[in-house]
1. With the checklist (1) within 19 Å of LYS79 (Cα to Cα); (2) out of contact with any Asp or Glu (no Cβ under 8 Å at 6 or more places or on another chain) in hand, flag the one item ASP13 doesn't pass.
2. Restricting attention to segment 6-50, report how many residues are touching a Gly at 6+ places or on another chain (Cβ under 7 Å) and surrounded by fewer than 14 Cβ atoms within 10 Å (Cβ to Cβ).
3. Could you go through segment 70-85 and let me know if any residue there is in a loop (DSSP other than H, G, I, E, B), of a type in the set (A, V, I, L, M, F, W, C) and modelled with pLDDT of 95 or more.
4. Among residues belonging to segment 71-88 that are open to solvent by less than 70 Å² (accessible area, probe 1.4 Å) and hydrophobic (A, V, I, L, M, F, W, C), point out the one that is farthest from ASP34 (Cα to Cα).
5. Looking only at segment 46-58, decide whether some residue is under 21 Å from ASP4 (Cα atoms) and without any contact (Cβ under 8 Å) to a residue 60 or more places away in the chain.
6. Do you know which residues across segment 51-70 are under 16 Å from ILE23 (Cα atoms) and surrounded by 11 or more Cβ atoms within 10 Å (Cβ to Cβ)?
Amino acid sequence: MDLDIEKIKRAEDVRTTLYVRNIPNKYNYGLLLDEFKRYYGKFDFLYLPIDFENKANVGYAFINFIHPLFIIDFYLHFKDYIWPKYKS
């Protein structure tokens, strides 16, 4: 499902958490945080689940922004994103 950016702009959608998918499983928390560095100060929570048996992430993460409007730029940047370090 795509995000309705216009609803966010009109404050009809006030959700602040996004599900980020297709993260290459070799990415660790530090690498993911580096990818998101342009958004420092705009989010307050990042969760990257790890499969400890395989020592790899499970391919998705959750990020929570401090204001719904901050989601827009992040969404547009990471929608159909090609991860530079490893292929997803």
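The values are calculated or read from the model by the stated rules, or taken from the named source; none is laboratory data. These numbers were taken from a predicted model, which means no experiment stands behind them. Glycine gets a Cβ as well: all are built from the backbone with ideal geometry, and neighbour counts include every protein chain shown. The protein model used for the area step is the full one, side chains on, heavy atoms only, and it has no ligands, DNA or RNA in it. Shrake-Rupley method; radii C 1.70, N 1.55, O 1.52, S 1.80 Å.
1. So ASP13 meets the others, but not (2).
2. Total satisfying the criteria: 2.
3. Looking through segment 70-85, none of the residues is in a loop (DSSP other than H, G, I, E, B), of a type in the set (A, V, I, L, M, F, W, C) and modelled with pLDDT of 95 or more.
4. Taking the candidates together, the pick is ILE72.
5. Checking segment 46-58: not a single residue is under 21 Å from ASP4 (Cα atoms) and without any contact (Cβ under 8 Å) to a residue 60 or more places away in the chain.
6. If the condition is that a residue be under 16 Å from ILE23 (Cα atoms) and surrounded by 11 or more Cβ atoms within 10 Å (Cβ to Cβ), then ASP51, ALA56, ASN57, VAL58, GLY59, TYR60, ALA61, PHE62, ILE63 are the ones that fit.
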